[in-house]
Ligand code: SF4
Ligand code: SF4
């Protein structure tokens, strides 16, 4: 990999300090109940992180970027789309900074603002899954995978797993439908002030 | 003991053997599992990744049905479902804003009573290892197993409130109670790649591959799991990971059932991808 385009290289890029802003920390405190100011800058979160080797910004750096209000880069970063929500960071953090919750919050905000995912297939998969929950209340794994392959144009992805699963009687395409679907669907209502379906 | 049971979508489709073995084992231990009526999907990784209120709301609905059924304990065997249910319960108890929002959407009072526990926790903490030992008729002698907990059984600690978040021992203790041996290894609570199996397979090949190699290096003959997502990631991708171990990935409920004297066929052990049958036969266990 070329040194100048390597994602790791971004880690060493100096932060832009001329436009710092504390409103994002405040927003995170109000919406996630996480007080960024309690960060001790020890770096244990990054040390524990499962996927820091592929992140463009490590958890430790993400916390720092929130402190200085670097919202633009936070909403565009690839880490949002490859955090595996393993909770190692928050568990090792001496201040209990809930980074996975912050990741969810920032991702939701990025989606609401129409910022494209750096890994479109990840977002697509989430959406297809939630479409099924919206339609039936439950998810058929087979239907989800087939639909995902179709929409992501990877028609033969995982096809080699198909026959074996068939012979093992693992493919059950028809999940039961939830009876009180109206109740489930109300959860999908857009929040006041938001346009479109909030999902 | 009456317990509300949340099977979740996987157990109704690809991981039916987990559902079947869970029900058998619970029946054997006089745990009366009552499936939450008309339950809905917990939203898994997708919901909490893109819409926090939806994620809490989906699990709140399931908890409220359990409450209506007059059950104050809810159990799940999928670590993902368990985590979603328990995180929702935590939010409803501690975040009045989201509680009000969800109540208004669901038109029910938020269910704050039911306690959520993964079945593993229920077995080791409430039924107890002694009671389990008494029921063992076929000890799993000679089996060398890697107990795998993954992420969500024990983390985040303030929500899971079970075992040690990175050096858990409950499943090891349970397997030893059944007569098996467990290996010491470094990846018992590392991530398998979770919900990325389809959408970003490389992540699962990387993280899941590390888990498999570590178990193998420690000398394990099989990995024991307590989650259908971990099972799928570790069992079905070994070829794609270019690992030729064919390491069986077995549900803990299947092994309890085996030790209780049930046949491998009754427990769906033959439904697993890398068949544990040769291993079990070589130890006289199947
Ligand atoms: S939850 Fe995300 S950020 Fe935290 S350790 Fe896991 S992968 Fe890293
Ligand atoms: S572990 Fe916690 S305190 Fe340490 S740098 Fe990370 S967020 Fe800050």
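FYI, it's all coordinate maths here, none of it is from the lab. For clarity, every value in this text was computed on a predicted model and none was experimentally measured. All Cβ positions, glycine included, derive from the backbone under ideal geometry; neighbour counts span all protein chains shown.
Quick one: among B:146, B:110, B:79, which has the greatest mean-square fluctuation in a GNM of chain B with alpha-carbon springs under 10 angstrom?
Among B:146, B:110, B:79, the largest GNM mean-square fluctuation belongs to B:110.
What's the exposure ranking of B:98, B:203, A:54, A:62, going from fewest to most Cβ atoms within 10 Å?
Values: B:98 19, B:203 24, A:54 15, A:62 27.
Going from least to most buried by this count: A:54, B:98, B:203, A:62.
When a footprinting reagent is the concern and you count Cβ atoms within 10 Å, what order do A:141, A:41 take, fewest first?
Working: A:141 24, A:41 8.
In increasing order of surrounding Cβ atoms, one gets A:41, A:141.
Say each of residue A:42 and residue B:239 gets a label point 7 Å from the Cα, pointing the same way as Cα to Cβ; how far apart are those two points in nm?
The two pseudo-label positions are separated by 4.6 nm.
Which value at 222 nm does chain B reach when only helices count, each DSSP H run of 4 or more adding -39,500 (n - 2.57), with the total divided by all residues and rounded to the nearest 500 deg cm²/dmol? Before the final figure, lay out each step's value.
Working: 13 runs with 127 residues, N = 286.
Value at 222 nm, helices only: -13000 deg cm²/dmol.
Enter the mean projected area of the convex hull around the alpha-carbon atoms of segment B:128-174, in nm², rounded to one decimal.
Mean shadow area of the hull around the Cα atoms is 4.0 nm².
Please state the relative contact order of chain B as a whole percent: Cα pairs under 8 Å, 6+ residues apart?
Taking the mean separation of contacting Cα pairs over the length of chain B, I get 18 percent.
Rg(Cα) of segment A:23-80 divided by 2.2 N^0.38 Å? Present the calculation step by step, with values, prior to reporting the outcome.
Numbers: Rg = 11.3 Å, N = 58, 2.2 N^0.38 = 10.3 Å.
Taking the Cα Rg and dividing by 2.2 N^0.38 Å, one obtains 1.10.
What FRET efficiency, computed as 1/(1 + (r/R0)^6) with R0 = 22 Å and r the Cβ-Cβ distance, is obtained for residue B:263 and residue B:29, rounded to the nearest 0.05?
In this case the efficiency is close to 0.75.
Based on the Cβ-Cβ distance from residue B:217 to residue B:68, what FRET efficiency comes out when R0 is 56 Å, to the nearest 0.05?
Taking R0 as 56 Å, the efficiency between residue B:217 and residue B:68 is 0.70.
Give me the distance between the Cα centres of segment A:121-150 and segment B:91-158, rounded to whole Å.
If we compute the Cα centre of each part, the gap is 26 Å.
Express in whole angstrom the spacing between the alpha-carbon centres of segment B:202-227 and segment B:268-286.
18 Å
Once the Cα atoms of segment B:2-120 are picked out, what are the Rg and Dmax in Å?
Cα radius of gyration and Dmax of segment B:2-120 are 13.7, 43 Å respectively.
Taking the 0 to 90 degree range and rounding to the nearest ten, how far is the long axis of helix B:96-106 tilted relative to the main principal axis of chain B, both from C-alpha atoms?
90 degrees
Report the dimensions of segment B:1-70 along its three principal axes from the alpha-carbon atoms, largest first, rounded to Å.
40, 30, 16
Any idea what diffusion coefficient the protein assembly as shown gets from Stokes-Einstein, in µm²/s, Kirkwood Rh on alpha carbon pairs, 4 °C, 1.567 mPa s?
Using the Kirkwood radius from Cα pairs, D works out to 56 µm²/s.
What translational diffusion coefficient, to the nearest whole µm²/s, does segment B:193-286 have by Stokes-Einstein, given a Kirkwood radius computed over alpha-carbon pairs, a temperature of 10 °C and 1.306 mPa s viscosity?
Taking Rh from Cα pairs, D becomes 116 µm²/s.
Take every Cα pair under 8 Å in segment B:155-286 that's 6+ residues apart, average their separations, divide by the length, and report that relative contact order as a whole percent.
17 percent
Using alpha carbons only, how many degrees (0 to 90, rounded to 10) separate the axis of helix B:79-94 from the longest principal axis of chain B?
30 degrees
May I ask you to sort B:34, B:237 by Cβ crowding, counting other Cβ atoms within 10 Å and putting the fewest first?
B:34, B:237
Can you give the Rg to Rh ratio of chain B, both from alpha-carbon atoms, with Rh computed by the Kirkwood formula?
When Rh is taken as the Kirkwood radius, the ratio is 0.96.
Can you give me the pair-distance distribution of segment B:144-229, C-alpha pairs, 5 Å bins, whole percents?
With 5 Å bins starting at 0, P(r) equals 3, 16, 23, 25, 19, 10, 4, 1.
Taking each residue of B:154-166 in turn, how many C-beta atoms of other protein chains fall within 10 Å of its C-beta, and what is the average?
Values: counts 2, 8, 12, 4, 4, 3, 2, 0, 0, 0, 0, 5, 4.
Taking all residues of B:154-166 together, the mean is 3.
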